[in-house]
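Presented below is the structure to which this report refers.
Values quoted throughout were computed directly from the atomic coordinates according to the rules given, and no laboratory measurement underlies them. Since this is a predicted model, take the numbers as computed values, not measurements. Heads up, the Cβs are rebuilt from the backbone with ideal geometry, glycines too, and the neighbour counts pull from every protein chain shown.
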Protein chains: 2
Amino acid sequence: MQTEFSPEFREDLHRLMRWRRDVRRFRTDPVDDAIVARGLDAFAMAPSVGLSEPWRVINVESAAARAAALSNFQTANAEALAAYREDGDCERAALYAGLKLSGMRDAPVQLAVFCNDATTKGANLGARSMPEMRAYSVACAISMMWLALRAEGVGLGWVSILDEQALATALEVPDSWKLIGYLCIGWPEDQTPRAELEELGWEPRIGLPEMERR
Amino acid sequence: MQTEFSPEFREDLHRLMRWRRDVRRFRTDPVDDAIVARGLDAFAMAPSVGLSEPWRVINVESAAARAAALSNFQTANAEALAAYREDGDCERAALYAGLKLSGMRDAPVQLAVFCNDATTKGANLGARSMPEMRAYSVACAISMMWLALRAEGVGLGWVSILDEQALATALEVPDSWKLIGYLCIGWPEDQTPRAELEELGWEPRIGLPEMERR
């Protein structure tokens with residue numbers, strides 16, 4: 001198998017990263033199982049500390065599970081809004097109240113992705129000194145799926161405005177599983193060149209990281 | 001700008017993920033600054049919770065800083081080996097002792113990547129309920145750089161066998177910066193289709209995640 005990549009591929013990879021969005025506005029029509037499966041293929045190729053492959057994926061399908069997840073988000077979101085109001089930052093609070101922060105009502109596919117911190121796979125290599133590496137491995141796998149799905153035109157939105165513990169309980173997962181992200185997946189309503197948070201004035205994108213030298 | 005991607009691009013993206021390795025064996029010849037800069041471009045396009053862009057990058061260049069990082073790794077690695085021995089798992093310990101777990105002696109470019117958990121950027125959006133999301137954002141940005149560099153033939157190795165706190169102190173970074181990864185970057189000695197940990201029998205790759213339904 002060829003191991004080199006063309007300049008055209010690199011340009012397209014850059015364009016892919018450029019058009020990746022955290023999608024919250026989804027059409028409700030279904031996404032083929034085959035596309036979701038190809039997205040999950042990215043997990044099979046993702047890096048993981050010590051080859052621990054600590055990711056655990058729950059397909060949140062039933063009406064009851066989806067209602068529990070949505071209600072969890074709504075509570076956490078209301079608490080966040082209240083906190084901005086308590087800070088006395090009325091402009092921030094008003095802006096926050098107007099943001100659409102999850103596509104949980106519409107996204108046809110919803111995955112709760114956990115990290116199993118109790119896995120013995122990998123025999124703790126690289127995670128003895130930095131146990132958080134397992135969670136970072138799961139974040140890497142999600143990033144790769146994000147790009148793979150976007151290459152098919154499918155959007156992903158990573159919801160983190162959630163009470164992790166309550167969601168884990170509602171989804172009846174083992175105690176050692178830690179929520180990394182609740183992923184909404186579906187066809188985006190539109191393709192936008194900038195993040196909505198940037199567009200609506202929540203926060204600008206700085207872009208290139210400053211690099212200090214030592 | 002075109003927002004669609006071709007089937008050929010998707011195949012190449014799959015091939016890119018397939019050939020991404022955690023590289024520990026580097027040639028010592030330099031990597032052009034322009035290539036490193038294009039790798040860092042990935043950070044500018046990476047997702048971050050609330051657009052917090054919490055990544056902070058230290059270019060570890062000086063002999064003194066590199067010696068401190070290498071010595072930090074050597075200590076953590078010796079402690080890990082001692083722990084396998086103390087567990088009485090002689091086969092694991094022997095296998096561990098034979099692994100090359102960092103390319104810190106040879107990699108021409110070395111970046112220490114931190115998460116600034118005290119950033120006010122993003123105004124805490126999405127990180128109130130899950131503060132770890134900032135660290136996950138940094139992990140996502142590193143994944144994207146990893147792919148971008150690999151597309152140019154450049155390898156990246158993520159070292160986590162480190163005492164985070166001691167490294168942060170040695171590199172004189174603010175207290176609120178948490179180490180996410182120490183990245184070795186350079187031309188790989190060879191291209192391999194499987195991870196060395198798999199090849200040498202440390203751990204097999206399971207591949208596709210099992211997915212439970214709720």
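Structure values in brief
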quantity	calculated
Residue pairs meeting the criteria (Cβ under 6 Å; at least 6 apart or on separate chains; first facing chain A (nearest Cβ under 7 Å) and on the phi > 0 side of the Ramachandran plot, in the range B:122-145; second assigned to a helix (DSSP H, G or I) and of a type in the set (Gly, Ala, Ser))	B:Gly122/B:Gly50; B:Gly126/B:Gly50
Qualifying residues in the range A:186-212 (those that are among the small types (Gly, Ala, Ser) and more than 19 Å from the chain's Cα centre (by Cα)) - the one farthest from the other protein chains (Cβ to nearest Cβ)	A:Gly201
Selection count, the range A:69-88, where residues are of a type in the set (Lys, Arg) and not in a helix (DSSP H, G or I)	0
Meets criteria (surrounded by 21 or more Cβ atoms within 10 Å (Cβ to Cβ), not hydrophobic (A, V, I, L, M, F, W, C) and not in a loop (DSSP other than H, G, I, E, B)) for A:Gly50	yes
Unique match (being of a type outside the set (Lys, Arg), within 7 Å of another protein chain (Cβ to nearest Cβ) and either out of contact with any Cys (no Cβ under 9 Å at 6 or more places or on another chain) or not in a helix (DSSP H, G or I) (or both)) among A:Leu95, A:Leu40	A:Leu40
Flag if A:Gly88 is over 20 Å from the mean Cα position of the chain (by Cα), on the phi > 0 side of the Ramachandran plot and surrounded by fewer than 21 Cβ atoms within 10 Å (Cβ to Cβ)	yes
Within the range B:107-121, considering residues that are assigned to a loop (DSSP other than H, G, I, E, B) and either more than 16 Å from the chain's Cα centre (by Cα) or within 19 Å of B:Trp177 (Cα to Cα) (or both), the one nearest to the other protein chains (Cβ to nearest Cβ)	B:Lys121
